[in-house]
Amino acid sequence: MTASSQIPPAIQIEDDRTGVTIPTLRRALADNLYYVLGKPPDGATLNDYYLALAYTVRDRLMQRWMASTHTHRLPTIKQVIYLSAEYLPGPHLGNNLMNLGLYETVQQAVAESGLDLATLLACEEEPGLGNGGLGRLAACFMDSLATLEIPAIGYGIRYEFGIFDQEIREGWQAEITDKWLQSGNPWEIARPEDAVFVKLGGHTEASTDETGCYQVRWIPHQTVKGIPYDTPIPGYRVNTVNTLRLWKAEAPESFDLSVFNHGDYYGAVDQKVISENLTKVLYPNDEPIQGKQLRLKQQYFFVSCALQDLIRTHLAQGGRLERFHEKFAVQLNDTHPAIAIPELMRLLVDDHHVPWDLAWTITQQTFAYTNHTLLPEALEVWSLDLLGQLLPRHLEIIMEINRRFLEDVRLKFPDNGEKMGQLSLIADQPFRSVRMAYLASVGSHAINGVAALHSQLLQKTVLRGFYDLWPEKFLNITNGVTPRRWMLLSNPRLAQLITRRIGDRWIIHLQDLRDLEPLAEDPEFRAAWRSVKQANKQALAQRILERTGIQVNVESLFDVQVKRIHEYKRQHLNVLHIITLYNRLKQNPSLDLVPRTFIFAGKAAPGYVQAKLIIRLITAVGEVINRDPAVGDRLKVVFLPDYNVTNGQPIYPAADLSEQISTAGKEASGTGNMKFALNGALTIGTLDGANIEIREAVGSENFFHFGHKVEELSQLRSQGYDPRRYCDHSPELNRAIHRLESGFFAQGNRDLFRPLVQSLLNDDPYFLMADYLSYLNCQEQVSQAFLNEATWIRRSILNTARMGEFSSDRSIREYAHQVWQVQSVPINLQPYSQSEA
Ligand code: 73E
């Protein structure tokens with residue numbers, strides 16, 4: 001007998017929690033339905049089946065997740081800590097199936113059990129824990145971190161109510177509370193054993209201890225308990241499974257017994273309600289929420305939970321606090337978590353008795369700050385009053401950071417009192433407040449913007465003084481999107497076509513899409529490309545019909561603008577174009593016009609009156625145009641309700657034209673612009689945010705650009721901008737504005753759109769009037785280009801082929817090397833007991 005034949009054949013134990021054959025998956029599904037959900041197959045709802053399937057998939061992540069967590073905790077391994085008040089991961093089931101490589105097998109297993117995977121996937125309520133681009137970016141980054149096998153934890157808030165669901169009622173936005181947790185969340189695991197306590201309010205007391213050391217004690221008014229809920233974030237076809245850890249606030253005890261015993265039952269329950277309110281709801285605003293104490297509480301709460309969690313695990317692993325920054329690289333997703341800087345100082349100095357100077361070095365080495373906006377109204381400040389009430393100790397620490405910082409400034413620029421005022425973390429006007437972007441800049445070793453133009457403007461405007469002080473701290477890292485969700489999952493037809501021709505490495509090396517370039521000349525490939533686009537348009541048309549009752553022509557140009565509704569994003573400029581085309585048709589009914597379907601989607605902040613009016617404008621223009629027989633199916637205007645990750649997925653693959661038309665200098669980056677171009681839409685856009693880099697990448701001949709540049713707009717402004725002048729010089733603009741003024745789209749009501757018209761005619765802060773003509777001419781070029789199908793498809797292929805650099809994998813590699821100094825850590829899948837040995 002040979003040695004090898006003595007080894008018994010590998011025994012395959014097909015465990016119901018790990019096996020991936022079809023019979024095992026079917027058994028696991030039935031098992032989870034019965035034993036986890038307590039439902040017999042004949043009494044189960046579709047949602048029960050969805051939950052059973054989700055548990056079946058979660059089981060198959062568990063070994064990788066535990067191995068990753070175990071490995072990532074080792075003191076020698078540096079971990080990325082992403083602090084973000086928002087995450088928009090989208091539905092997990094489809095993504096997890098794909099990343100595990102189980103999509104097709106599970107589809108078949110489910111089918112053999114008499115179910116349809118697509119129907120089960122549709123049961124999942126997505127976690128809408130963010131407003132828009134910033135939260136979605138955090139989710140793309142979590143996907144890329146795991147795929148690149150970089151150890152990471154995302155910390156955030158487990159809002160009980162996420163972003164509201166949007167309905168359109170009589171043309172207006174109506175907000176419906178989001179109930180994402182209502183039917184159970186199979187992806188999260190509560191970890192009450194890891195709870196931490198967070199102090200709020202009260203006062204501080206200074207003393208000198210027996211060794212003569214100055215000490216400060218914070219005596220809080222209230223304490224809340226933070227309970228972590230963990231969600232696994234698996235990488236694509238790797239063993240790494242990172243963690244998204246979201247915190248829920250609870251009362252420290254269910255009942256305040258002393259109050260209860262005194263007979264004040266309601267008073268006791270009150271405390272519980274007050275605590276739980278903290279993480280009850282996401283502020284549905286993509287601008288900062290000024291002056292709201294609850295918002296500051298939310299920010300402080302999750303940041304304090306996160307830092308306490310890190311210090312605890314670090315110490316438990318035998319780590320030393322002097323080395324905290326060698327174990328963790330903490331990224332601040334905008335200023336929302338910037339209170340982490342004084343909080344880490346407090347934990348180090350007050351709780352762990354680290355000397356101030358050392359604590360400050362550790363803090364600066366730990367944090368890095370990403371700025372996402374330059375809009376002046378969006379720069380966060382907290383009044384000293386409010387901060388002092390809620391976080392008295394942090395206010396003292398911020399004042400001390402500022403005192404020391406300004407002392408350094410004074411030494412560098414003696415006799416320059418003005419400089420000190422400019423750089424101070426404390427603003428005096430219009431009220432005494434902390435400038436959070438300044439605090440984040442002083443407390444971080446790296447500061448980045450999210451697109452090349454944005455980073456330049458950041459250095460020249462908002463953070464100019466800090467750039468002059470420390471140019472070496474500043475860098476640009478252009479945003480990206482994950483090709484897993486935004487191609488593979490959302491555009492399977494295109495993904496398959498591409499993979500058939502160039503293989504599947506592009507999924508993790510998006511630059512490989514370059515190999516498609518020569519195929520742009522191949523008529524057969526072009527035909528296949530066109531078929532995919534048409535099938536995607538057909539699928540979207542079907543959804544449009546179901547959701548809005550509007551029948552659209554799939555041969556028409558699908559002209560799409562989907563994003564938050566905001567004046568600077570200029571959805572109303574798009575509308576002015578639509579009205580102009582309509583006017584032309586009314587003037588000349590036999591006009592040979594390239595048929596278009598205008599598709600809009602996006603939520604308006606509930607308190608943003610002008611944005612809500614823009615939604616009403618879109619629906620009103622649609623109501624008139626869509627039913628005008630003189631128009632036929634040459635123009636259609638659609639507003640798709642409730643834009644979110646789920647509803648966005650079928651939109652990008654079906655677009656011919658991507659509208660990226662913000663006022664130059666206002667959109668920090670944009671990421672929708674990337675999703676469209678990656679899926680083969682051509683862009684019409686201003687030279688703003690990442691549009692500039694997209695245009696450079698795809699080639700200016702494959703991108704329709706228009707509008708004033710940043711410098712041209714500042715010139716216009718300084719010359720005394722007069723929007724009415726443009727009306728006088730353009731009869732078509734004049735006519736379009738007149739249509740609005742006359743009440744034509746509002747059943748004769750001349751008041752309805754008056755606020756919009758007045759804003760355009762009187763100050764037009766976003767320069768719609770100045771850019772109108774250029775936009776119109778550019779749209780004419782788009783129409784002409786669309787008429788030539790062969791060259792349009794060629795350009796579409798070239799867009800996709802050249803979008804490789806806009807993968808969030810590239811962004812994350814840049815953060816890893818230039819900011820975090822972290823490496824990939826492949827995860828070994830030995831059974832846990834062996835890896836312990
Ligand atoms: O340009 C986008 C950018 O692509 C920017 O407006 C957005 O961040 C995206 C990702 O970098 C953004 N969101 C917010 N600030 N910038 C924001 C502000 C307050 C609350 C919520 C979100």
Given backbone amide H placed at 1.01 Å from N, residues whose amide H is under 5 Å from that of GLN222, ignoring those fewer than 5 places away on the same chain, are LEU200
In this model, which of LYS297/LYS709; LYS199/LYS419; LYS179/LYS272; LYS179/LYS297; LYS225/LYS292 are farther than 28 Å apart at the alpha-carbon? LYS297/LYS709; LYS199/LYS419
Spelling out what I want: for every residue of the stretch 299-310, take phi, set θ = phi - 60°, compute 6.51 cos²θ - 1.76 cosθ + 1.60 (Karplus), and round to whole Hz; glycine and proline get x. 4, 5, 4, 6, 5, 5, 4, 4, 5, 4, 4, 5
Looking at the stretch 526-628, which GluC sites (Glu not before Pro) are DSSP coil and have at most 16 other C-beta atoms within 10 Å of their C-beta? GLU555
With each run of n ≥ 4 DSSP H residues scored as -39500 (n - 2.57), what mean residue ellipticity at 222 nm is computed for the chain after dividing by its residue count and rounding to the nearest 500 deg cm²/dmol? -13500 deg cm²/dmol
Read phi for every residue in the stretch 429-438 and hand back ³J(HN,Hα) as whole Hz from Karplus 6.51 cos²θ - 1.76 cosθ + 1.60, θ = phi - 60°, with x for Gly and Pro. 10, x, 8, 5, 8, 8, 7, 5, 5, 6
Between LEU557 and residues 5 or more places away or on another chain, the pairs with built amide H atoms under 5 Å apart involve ARG596, THR597
Total formal charge among the other residues, if their Cβ is under 12 angstrom from that of HIS454, Lys/Arg +1 and Asp/Glu -1: -1
Could you list, bin by bin from short to long, the percent of Cα-Cα pairs of the chain in 20 Å steps? 14, 46, 33, 7, 0
Cut-off under 5 Å, modelled amide H: who pairs with SER662 long-range: THR686
Local charge sum around ARG403 (other residues, Cβ-Cβ under 12 Å, Lys/Arg +1, Asp/Glu -1)? -2
Using DSSP to define loop residues, name the trypsin sites (Lys or Arg not before Pro) in the stretch 400-506 whose beta-carbon has at most 13 other beta-carbon atoms within 10 Å. none
Residues of the stretch 633-676 with backbone nitrogen within less than 13 Å of a virtual label 7 Å along the Cα-to-Cβ line of GLN610, please, listed as ranges. 663
Report the gain in length on full extension from ILE274 to GLU741: 0.36 nm times residue separation, minus Cα-Cα distance, nm rounded to one decimal. 163.3 nm
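Going through the cross-link list LYS460/LYS666; LYS248/LYS563; LYS537/LYS636; LYS537/LYS586; LYS533/LYS563, which pairs have a Cα-Cα distance over 19 Å in this structure?
LYS248/LYS563; LYS537/LYS586; LYS533/LYS563
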Scattering profile of the stretch 549-684 from the Debye formula, Cα beads only, expressed as log10 I(q)/I(0) at q = 0.09, 0.13 Å⁻¹, is -0.26, -0.54
Over the stretch 681-837, one equal point on each Cα, no solvent: what is log10 I(q)/I(0) by the Debye formula at q = 0.16, 0.19, 0.21 Å⁻¹? -1.04, -1.16, -1.24
Added length on full extension, which subtracts the Cα-Cα distance from 0.36 nm per residue, LEU315 to ASP504: 63.7 nm
Give me the net charge for the shell around PRO91: Cβ to Cβ below 12 angstrom, other residues only, Lys and Arg +1, Asp and Glu -1. -2
Residues LYS280, LYS563 arranged by fewest to most Cβ contacts within 10 Å: LYS280, LYS563
Using DSSP to define loop residues, name the trypsin sites (Lys or Arg not before Pro) in the stretch 116-196 whose beta-carbon has at most 13 other beta-carbon atoms within 10 Å. LYS179
Estimated vicinal HN-Hα couplings, Hz - the stretch 325-338 in sequence order (Karplus 6.51, -1.76, 1.60; Gly, Pro = x): 6, 7, 8, 10, 10, 9, 9, 8, 7, 6, 7, 3, x, 5
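On full extension of the chain, what length is gained from TYR266 through ASP351, given 0.36 nm per residue of separation minus the C-alpha to C-alpha distance?
Full extension from TYR266 to ASP351 adds 27.1 nm.
Read the figures in this text as sums done on the coordinates, not as results from a lab. Here the structure is a predicted model, which means the values were calculated and not measured. Neighbour counts run over all protein chains shown; Cβ positions are idealised from the backbone, glycine included.
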